[in-house]
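Undergrad: My questions all concern the structure below.
We did not get these values from a lab; they are worked out from the coordinates using the rules stated. All values reported here derive from a predicted model rather than from experimental measurement. Glycine also receives a Cβ, built like all others from the backbone with ideal geometry; neighbour counts cover every protein chain displayed.
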Amino acid sequence: MATETLKQFTRLPQSTYIDALRFLPPLSALDRYVVVASFNSDSDETSIGIHALTSTDTPTLTLQSSFTPSSRTSSLKVAQKSLNPIIAASTVAGFLHILFPNPIDASFESKVPVPEKRLYLGSITGLDLQENGSACVSVGEDGRVNLISVGDSGLDYRQIFDSKGLVSYTAAQWASPFEFATGGLGNLLQWWDQRRPGGPVTQFKGNWANVASSGIVHSIDIHPSRKHTCVAGGSYGSVFAWDVRRPHQSIVLSGIDNSETTTCLSESDVWEVQYDTFMSASDHAKLSTTGVLPVMICSEDGILAVLKQGEEPTELLAENCAINCFDIDQQNPSFRMGVYCFIDEGVAYNDRYGVIGLFSMANGS
Amino acid sequence: MPGLLTESGNSSSVVSYSPAAETPAVYTLHHCLKPPITPRLSISWSRGNTLRVTILRSPETANSVEEEPGGKVVDLKLSGEDVDSEINDAVRWRRIAYGSLSPFAHLQNKKNAMAALSELRHSTPYDGDWSKYVLEYSKEINSLLGSKKSSPASLIEDPKTVLKNVEEPSSLKAAWELLEIFYADKQSHSWILERLVDWLSDYNTLFSGQVPSVHLRLVEFQAELINTQVVENEIKYWQAISSALAVGWLDIAVKLLRLHGSYQLNQLGTRETENGLVEAVAVLVSKMPRMRADLPSGKLGECYFNKSDFVRAWEKWRAQITKLDCSAFWLQCSHHETKENLKNLLQILLGNTSALSSATCHWVELYIAHFLYIRPLTSGLESMYVLAQKCIQLKPTSSPHKLMRLILGILEENTEVVLAECSRSFGPWMIAHATELLTAGSIEAEILLKEERDKLGGISLEESHRLVYAQVLSSHALTWQIAPIYLISCMKHGLGLLEILLYKQPAYHSQVLLKNIEICRMYDLDSVSSNAMKIAGVHHWKHGRKGAGVFWLQQARDEVRLNRIAQKLFDFVGKSISDESFEQWEGLIELLGSESKTAGGLEFLHKYRDFKKSLQQVQDGIFNDAARKAGEALILLMKNPSTPQRFWLPLLYDSLKLLNWQERPLLNVSQTNLLLNKLQELSVARLRPDFVEVGLPPQALSSVRVALATNLGRAILEE
């Protein structure tokens, strides 16, 4: 059976704290760019920078251009709109920025603050861009759900829902041009459809062990080929999949569960979940079956792993500091390269406390 | 804490504290408030060395401007707290702080394990294993403080490069190594003198900044060497050789000797005897017997591990020197400088006190020279101390270097002086980590450090040093996370201070809160984490995030607050209970969960939602089954003590349709009686002054009463 192994791993120490990072869709065939949202805790300076990634034997990041957001970045997503990259970033102060990098030299062409006034009372906790960059959904801890449509003429926004603080949202993810999922406190997942306004269409509340159901969802991902299934990660190392068509049950991939079959990879917060685009032949076979596709996760206790339903998890990294974010390069299917960072404040790795780790995978058999 | 520990500047002060007044720093506050601002300020300490300044507008001006906040809270970061110039570089300091964490924790675990084991066996707590662990620990920390990295040697060695280009070592590392030599490394005690020789060769450069040193002399000479044609005519050349030789840098001395003009091919013929003498001295230097296990590559001398072997070799070597000294060849040597200076070198080798004294610069160098050439068999700290005193008399310094003070403290066997020196010159990190070395094997030091002192509030010196270090860590946003490791190793006040540290973290910042909870989970501080969650819950609640507030209070299992906020929530619910906007409560009710053990009074909401749902179904289409379920839900709600009284009437009014059910009575006699009793109770309660009237039509009560009476009658008939 094919298993994944870490082929190459490089640490790139940063002088600042890294809040989030994403691979930018390619501007040209040769260049690779990475968007990094950073925070300097000594000077309280925040920045969103585009770095060119040169991946020879020793990968290096070179800053191309940067933008100063209003406060610390809470969420960062990228997409491609008519071949041009588009970046959406939200801040803890409740502002949203849509950035259009110049496709030639990666400089920031226009920096549209969206909109001039604040959309949220408090932090924006999650956002997601449509694959074609035409719309951005954002959620906040104040319980507001907003939709920003990115048109050729400009940006337009409207409020989809306001729970008036009765529900705090922590994550958002598009499923289709009309549907999206949100996550919140109490491991609550909600499914929304723009065609049916007024509130969530359906929702899921974990009904397993008491502890796990009282956690927080930190991240959601939905696979393009499985638009009805959300995979979510959150407190107490819980990672679970939810099929909208069976709203009252979930498949637990990792975490504290009543059943003894589920493995518990970590007991701390799972910060990010993403479907693992790097798939072996057996994984491809699964595409046609009902099982959950492989998921990559990172956690507060420094674990980066791939989870497969019904299999032992593959631990790629076990660091002695938190891994709070990672991203997979969607453009590199056979030989994958990912960027992740240690953003546990204060971890002095190689003299610095923010570290971007670059790794590539090999399909060992 | 520092204020408590500082005493009048004698050696017993344990915390570095400089009362010297410096120029005050001026900070600008960015408060964004429009003038005029009357100076009403509240100042308190925030996290770390951040000052929290609250600027308040005076009430009259606040009223005049609309939408202007009544004040602003500004966090002001104060900088420049590092007294020690060595670790001024924050990044370097953090690397050391994080790096020393795991060796320290590892050693503490070992210590606890050994203590537990010795308790079982009733044996002495320390044995050979312990000193092995301490040495391991010391080596790990030592490697952390920097490595002896020399720049890569070029393939063709430049004969005129005397000194290798090495990175400037840190005095912190030098001090740590000194402590390691004297306290941790028990195995190499028999060749401690040679270790000191090595130590000086590694760190002599550190003295250069403050006092003249052999290192400085060599650096100066090297700079001139390139422009010198005939080296043997230069007095500096001979000075450099004798100095290098005196402090035992044999390789440098030999290398310099071989630069002598007589080695040049065109001169070899005319200066044969002279060259022979130079070479003879060089050979003698490189053959010097040394009492040590081995020599690093490139260093000269012959090693003897056994004392008697060494003494024999030493005598033989000295005999050879004396023989050369009395040789007739000197008469044939025509170069005056060479003759005189070579003879001087022989005097150094023979241990001539005045020759040694003039070849060395400061007392530590002279001290090392004494070990090398006069008393290579000195042993015991007492005799080493006596010798040091003698050297200081010969080469007094007006203001001794901090490393000199440390050496003296160690030789004097005065733990208090060593501690004070560590603390004064190298800061809290050093002292917190060095106590492990000091206590290893020395009963006296252990008593001194572990004895509980009333002056320190009942804690030991060791604990107080750790607490001080933990305070330093706690004061920075990037290091507070590692302070728990040190606090937890403090028996008396550690846990209390850890709790304070965790309480000080801003719990309303969700990332910090989660980190806080994680730390509490690791150290079983359930009460602390539940308090943090309570703070977070109340914070969210106050800022209108009701869901988040309820969530965290639920996590904290805070029944009292949940019940109190339930009452407030019901005020909101009360307005919307009969209309359709109740749907917006859905998310919050889901949060409460079906098992509402931890929901406090809020469980009512959940039951109410279920009731409302079945009532909805009844209205949509007439189903007997749904109606029966709705009736059951109503009874459950009315029976439940957590259902607030003010909802009784609205609930019954909502269920009028159930009470007047056409086909058959849905409630039996006893159920109807229960509802009637509740209605009666409500009528009585209405007379009380604190009763809250709900916004229902005035005939609501009577129509409910009629419906209930009708239902009762039908139920009696049916039974």
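Undergrad: When only Cα pairs under 8 Å and 6 or more residues apart are kept, what is the percent relative contact order across segment B:214-360? All intermediate terms of the calculation are to be shown ahead of the outcome.
TA: Working: 151 pairs, mean separation 35.3, N = 147.
Relative contact order of segment B:214-360: 24 percent.
Undergrad: Can you tell me, using C-alpha contacts under 8 Å and at least 6 residues apart, the relative contact order of segment A:56-102 as a whole percent? Write down the numbers at each step before the final one.
TA: Details: 60 pairs, mean separation 14.0, N = 47.
Relative contact order here is 30 percent.
Undergrad: So, one more: For the residue pair B:THR270 and B:LEU41, what label-to-label distance in nm results when each label sits 7 Å from Cα along the Cα-to-beta-carbon direction?
TA: With each label placed 7 Å out from Cα toward Cβ, I get 8.2 nm.
Undergrad: May I pose another question? Cβ neighbours within 10 Å, averaged per peptide: list B:630-637, A:20-27 in order, most packed at the top. Write out the running numbers ahead of the final one.
TA: Numbers: B:630-637: 19.9, A:20-27: 22.1.
Highest to lowest by the protection proxy: A:20-27, B:630-637.
Undergrad: While we're on this one: Using only the Cα atoms of segment B:430-532, build the gyration tensor, take square roots of its eigenvalues as a ≥ b ≥ c, and label the shape rounded, prolate or oblate: rounded if a/c is under 1.5, else prolate if a/b is larger than b/c, else oblate.
TA: Working: a/c = 2.69, a/b = 2.21, b/c = 1.22.
Here segment B:430-532 falls in the prolate category.
Undergrad: Between B:ASP202 and A:ASP44, what FRET efficiency follows from the Cβ-Cβ distance if R0 is 41 Å, with the result rounded to 0.05? Spell out each step's value before the answer.
TA: On the way: r = 41 Å, r/R0 = 1.00.
After rounding, the FRET efficiency stands at 0.50.
Undergrad: Still on this model: B:ARG564 to B:LYS613: extension gain in nm, 0.36 nm per residue of separation minus the Cα-Cα distance? Write out the running numbers ahead of the final one.
TA: On the way: separation 49, 0.36 × 49 = 17.64 nm, distance 2.62 nm.
Gain on extension, B:ARG564 to B:LYS613, equals 15.0 nm.
Undergrad: Now for a different question. Using a basic spin-label model with each label point 7 Å from the Cα along Cα→Cβ, how many nm lie between B:LEU76 and B:GLU279?
TA: Result: 7.7 nm between the two label points.
Undergrad: Right, something else. Rounded to the nearest 0.05, what FRET efficiency do B:GLN680 and B:SER527 give with R0 = 30 Å and r taken as the Cβ-Cβ distance? Could you check?
TA: Details: r = 45 Å, r/R0 = 1.50.
Once rounded, the FRET efficiency stands at 0.10.
Undergrad: Starting from the Cα-Cα distance between B:LEU29 and B:GLU220, subtract it from 0.36 nm times their residue separation and give me the gain in nm to one decimal.
TA: Details: separation 191, 0.36 × 191 = 68.76 nm, distance 5.07 nm.
Working it through step by step, the gained length comes to 63.7 nm.
Undergrad: Additional query: Cα centroid distance between segment A:162-180 and segment B:287-316, in Å?
TA: About 78 Å separates the Cα centre of segment A:162-180 from the one of segment B:287-316.
Undergrad: Report the label-to-label distance for B:ASP690 and B:ILE443 in nanometres (one decimal), using points 7 Å from each Cα along the Cα→Cβ vector.
TA: 7.0
Undergrad: Give me the percent relative contact order of segment B:604-708, please, defined on Cα pairs under 8 angstrom at least 6 residues apart.
TA: On the way: 69 pairs, mean separation 29.4, N = 105.
The value is 28 percent.
Undergrad: Based on the Cβ-Cβ distance from B:GLU337 to B:SER286, what FRET efficiency comes out when R0 is 22 Å, to the nearest 0.05?
TA: On the way: r = 22 Å, r/R0 = 1.01.
With a Förster radius of 22 Å, E is 0.50.
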